[in-house]
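First the structure, in the form of structure tokens, and then the observations on it.
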Amino acid sequence: MFAGLDGLRFSHWQAEPREDGVLVLSFDRADESVNTFAQDVLIELDALLERLALDPPKALVIRSAKAKGFIAGADIREFQAFDAKGTIGDSIRRGQMAFQRLAELPCPTVAAIHGFCMGGGTEIALACDYRVASDDPSTKIGLPEVKLGIYPGWGGSVRLPRLVGAPAAFDMMLTGRALSAKAARGIGLVDKVVEPALIVDAAIALARKGATRPFKQRFMGWATNIWPARQALAPVLVKQVARKAKKQHYPAPYAMIETWRRASGDTRSLLDAERKSVVKLAGTPTARNLTRVFFLMERLKGLGGKVASGQQPIRRVHVIGAGVMGGDIAAWSAYKGFDVTLQDREQPFIDKAQARAATLFEKKVKDPAKRPEVAARLRSDLAGDGIADADLVIEAIVENADAKRGLYADVEPRLPADALLTTNTSSIPLDELRSGVQRPGQFAGLHYFNPVASMPLVEIVHHDAVHEVTAQRLAAFCKAIDKLPVPVAGTPGFLVNRLLFPYMLEAASAYAEGIPGKAIDRAAVDFGMPMGPIELIDTVGLDVASGVGQELAPFLGLRIPASLATPPEPGQRGKKDGQGLYTWVDGKAQKPELPKDFKAPEDLQDRLILPLLNEAVAALHDGVVADADLLDAGVIFGTGFAPFRGGPIQYIRETGADVIVERLRTLQARHGDRFAPRPGWDSPALQPVPRPA
């Protein structure tokens, strides 16, 4: 053992002294598959660094002993508990102290980064003198804390701007975007990029020899952080943030910019300002709800487990229907490594889908040399020959139950015995579709959302005869294509469309009354929705909205306004045609300016949002999903429902079920019985959940 560490025993850190005087310190958190910073880890690190400060090695290299990456960041489970106890400030102070002790060691220090390096992992690397990263595709370096409603609080917001310059630093911290090793090298965050097998040796060499950063990087780190530069740059950064997020919804980016703008003094003073700001943010409803969303995502990821022993993994996918949805499902599956055949009744439909796929591959596959290999996995199959070899068939044809049943009768006899047959229907109950299916246990819904490449959710739609192994295989497939699966009942509209339909319907009704689309959209965006409902109708397509309406309106007991009662005229379907409720130019809705004297009705936002909440309660009451958390997860990741509000059920809990019921009754008296409270408002699931003790 290195003399400076005699008498200390470690649970999470392995110290390897070398003959040349360099100490390699490996992080290997006990009883965990991934390295995260829990409090006992930080306490142990601090004690270790305190001893090294008294008897320093020639150099220190920090690496991970885990196969799964460098460090994932803080242990978010602990942060939840600290927030509940009001002790999160102690946690942040402990991390700052340990990393500052590292920064002050009287010897060269190097972080050897291989695999993911997020949050606290990036912050400990920033506290080192140098950083070496592997060129492996899995190596990603980021500071995603803003996605949890806070910002880097262990020195990251202090050190990164001074290392790479404020513009590059805030681009990382405000977006939460992770960088490849090469990109990190480009901005000066990483000093050297090497092959994975050479990373420790390269870190040791860098520690022994040192390096001088290019003058331009050093100059940017100084020039963009002096007082006049901060006063000039801060308003520019605020404007950039304001285009994407409102301060009252997401305060963290604004607080980070303001703290950086006004804080001065030595490093310890800057760390104090950082800590006070982050502690204040951690106690906000936004931070609590975004942390909740993080755990909801983890739960959905956990549903996509490995295929059990004896189960056939899905390798070959056959998609029937080369429209926008079917073609994009096929392209995404091919991009994610599956062999895909794409069928339609006419070749031009397939050709168009393959052209869209080529655009996707050009955008997603950064190395042009690899694009032909990816494109080759997506094959045109006009005759449907791929059915005989498919592990999974995804039907994505017109929303007509008779047409779908006719297709199944033709396809099913040609399928391998263990193949799965699925439908991408957006609203038709599965009991209607499975009536003629010979193997109903291997039939289910696999409902994607548009646009497929960017929407993370897939609904796995059940019926009472589906086999559990079918659901497991489909969940594993979703995980393999980087989608979040949520199991839902096969009733009309399933989960997401069932909740969205009353919201969109009320928007269409308000539009029919003469309320301008821009005012309607603004009311929804002010609540926190990513897009207004009139724009959403055009984006989904008036044809799709009308088809879903015909299916859902009778089930929900709602009347469809004229704009959605019948399919639109040709060329009037919305965004895809350039004309719908709005005119669309270059993919953007042209929204006429509101008259200067126009004032939106005071209850407009309630008219839009409360029907969605009302239907969420009814869906939970009807057992569309197993519990409230799955409902919130499905609606957030399927619609973009205001993440800072934590989901429809969480919003009801925080607002008070009785308060919202009273507002529904007010709307009912004013606008009609469509606002009558639905069954389920007396559910215990709507009561506030006690925070962890």
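Details
- The residues of the stretch 397-410 that are in contact with a Ser or Thr (Cβ under 8 Å, 6 or more places away or on another chain) and not in a helix (DSSP H, G or I) amount to a single one, 399.
- Residue within the stretch 411-430 that is in contact (Cβ under 8 Å) with a residue 12 or more places away in the chain, acidic (Asp, Glu) and either within 15 Å of residue 446 (Cα to Cα) or part of a strand (DSSP E or B) (or both) present: no
- Taking every residue in the stretch 473-501 that is at positive phi and pairing it with any residue that is assigned to a loop (DSSP other than H, G, I, E, B), at least 6 positions away or on another chain, the pairs with Cβ-Cβ distances below 6 Å are 493/427.
- Hits in the stretch 193-240 - residues which are acidic (Asp, Glu) and either touching a residue at least 40 places away in the same chain (Cβ under 8 Å) or over 27 Å from residue 137 (Cα atoms) (or both): 195
- Residue, nearest to residue 538 (Cα to Cα), within the stretch 575-616, restricted to residues that are in contact (Cβ under 8 Å) with a residue 40 or more places away in the chain and charged (D, E, K, R): 576
- Matching residues, the stretch 492-517, being under 13 Å from residue 553 (Cα atoms) and of a type outside the set (A, V, I, L, M, F, W, C): 492, 493, 497, 498, 502, 503, 506
- Residue in the stretch 684-691 that is outside any helix (DSSP H, G or I), surrounded by 13 or more Cβ atoms within 10 Å (Cβ to Cβ), touching a Lys or Arg at 6+ places or on another chain (Cβ under 9 Å) and among the small types (Gly, Ala, Ser) present: no
Residues are listed down the side, and each one gets a yes or a no for (1) closer than 25 Å to residue 249 by Cβ; (2) assigned by TED's automatic domain parsing to the domain that holds residue 79; (3) not in a helix (DSSP H, G or I); (4) not acidic (Asp, Glu):
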position	(1), (2), (3), (4)
637	yes, no, no, yes
641	yes, no, yes, yes
650	yes, no, no, yes
663	yes, no, no, yes
669	no, no, no, yes
674	no, no, no, yes
681	no, no, yes, yes
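- The condition of being more than 23 Å from the chain's Cα centre (by Cα) and either of a type outside the set (Phe, Trp, Tyr) or outside the structural domain of residue 123 (by TED's automatic domain parsing) (or both) holds for only one of 293, 279, that being 279.
- Selection from the stretch 312-363 of residues that are β-branched (Val, Ile, Thr) and either part of a strand (DSSP E or B) or surrounded by fewer than 20 Cβ atoms within 10 Å (Cβ to Cβ) (or both): 317, 319, 320, 324, 340, 341, 359
- Failed item in (1) farther than 13 Å from residue 25 by Cβ; (2) modelled with pLDDT of 95 or more, with residue 67 passing the rest: (2)
- Some residue of the stretch 160-179 being outside the structural domain of residue 531 (by TED's automatic domain parsing), within 18 Å of residue 71 (Cα to Cα) and in contact (Cβ under 8 Å) with a residue 40 or more places away in the chain: yes
- Taking the stretch 622-635 as the range and being part of a helix (DSSP H, G or I) and β-branched (Val, Ile, Thr) as the test, only 635 passes.
- Residue in the stretch 634-644 that is surrounded by 15 or more Cβ atoms within 10 Å (Cβ to Cβ), more than 29 Å from the chain's Cα centre (by Cα) and not hydroxyl-bearing (Ser, Thr, Tyr) present: no
- The sole residue among 445, 441 that is modelled with pLDDT of 95 or more, out of contact with any Pro (no Cβ under 7 Å at 6 or more places or on another chain) and buried (at least 24 other Cβ atoms within 10 Å of the Cβ) is 445.
- Residue in the stretch 452-461 that is in a loop (DSSP other than H, G, I, E, B), in contact with a Leu (Cβ under 7 Å, 6 or more places away or on another chain), buried (at least 20 other Cβ atoms within 10 Å of the Cβ) and not hydroxyl-bearing (Ser, Thr, Tyr) present: no
The values are calculated or read from the model by the stated rules, or taken from the named source; none is laboratory data. Just so it is clear, the model here is predicted, and its values are computed rather than measured. Note: ideal-geometry Cβ built from the backbone for every residue, glycine included; neighbour counts use all protein chains shown.
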